[in-house]
């Protein structure tokens, strides 16, 4: 359970609010084909999402979840991937069920909302617009907005500082190990969804304060908590 009613709620994007894996997988496979490599398919790519674009490309080129170094064609591959993904950014990407009702209900509650993603800003803002999510977030923090990405706590701490909210009163809602580690290191409360991109091993191993089968359940949890709770 959450230790208190949050004064700030930060959401991850990919795997939490939107299912972007189909378009990401298409771009990855097209990149691999152009480099003369075997495509990997959507199911495998889903296990690679969540640590930023560079790590995604690195994983695709090496076939390893934790590659030790950049392969020789890394720079070329990144450029190819970025160009293809930009062109096919929102063709098959969809909002997860419950995402929009959740955001609409939280907006009524007047709780400040933020979006914190490892995705580059050029893609983040385009997807926010394409998915009809404009106007919900007071802060949108992308992977290239800070020196570090999740699981580093920096993006979360900077967002809380910008909105003048104590990290201890902030909640991170995500789907992955990167979200969980960033939240714990920043002192945020943590809510996780069981779908999304977590390598297929489940999210309970990250010991979230709250498990949400659907985002639509989050407003109800908050309503059950007193607004004046410490």
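Do the conditions hold for residue 222, that is, is it touching a strand residue (DSSP E or B) at 6+ places or on another chain (Cβ under 9 Å), in contact (Cβ under 8 Å) with a residue 12 or more places away in the chain and farther than 24 Å from residue 54 by Cα? Yes; evaluated as a whole, the condition is true for this residue. Reported count of residues in the stretch 72-108, each being surrounded by fewer than 14 Cβ atoms within 10 Å (Cβ to Cβ) and either part of a loop (DSSP other than H, G, I, E, B) or at positive phi (or both), is 3. None of 167, 151 is surrounded by fewer than 24 Cβ atoms within 10 Å (Cβ to Cβ) and within 22 Å of residue 47 (Cβ to Cβ) except 151.
Residues in the stretch 120-155 that are in a loop (DSSP other than H, G, I, E, B) and without any contact (Cβ under 8 Å) to a residue 12 or more places away in the chain: 134, 135, 147, 148. Restricted to the stretch 170-195, and to residues there that are within 10 Å of the chain's Cα centre (by Cα) and assigned to a helix (DSSP H, G or I), the residue that is surrounded by the fewest Cβ atoms within 10 Å (Cβ to Cβ) is 178.
Here residue 111 meets the list (1) assigned to a loop (DSSP other than H, G, I, E, B); (2) in contact with a helix residue (DSSP H, G or I) (Cβ under 6 Å, 6 or more places away or on another chain); (3) touching a residue at least 24 places away in the same chain (Cβ under 8 Å) almost entirely, failing just condition (2).
Bear in mind that the values in this text are calculations on the coordinates, not laboratory data. Keep in mind that this is a model prediction, so the values were computed, not measured. In this analysis, Cβ positions are derived from the backbone assuming ideal geometry, glycine residues included, and neighbour counts consider all displayed protein chains.
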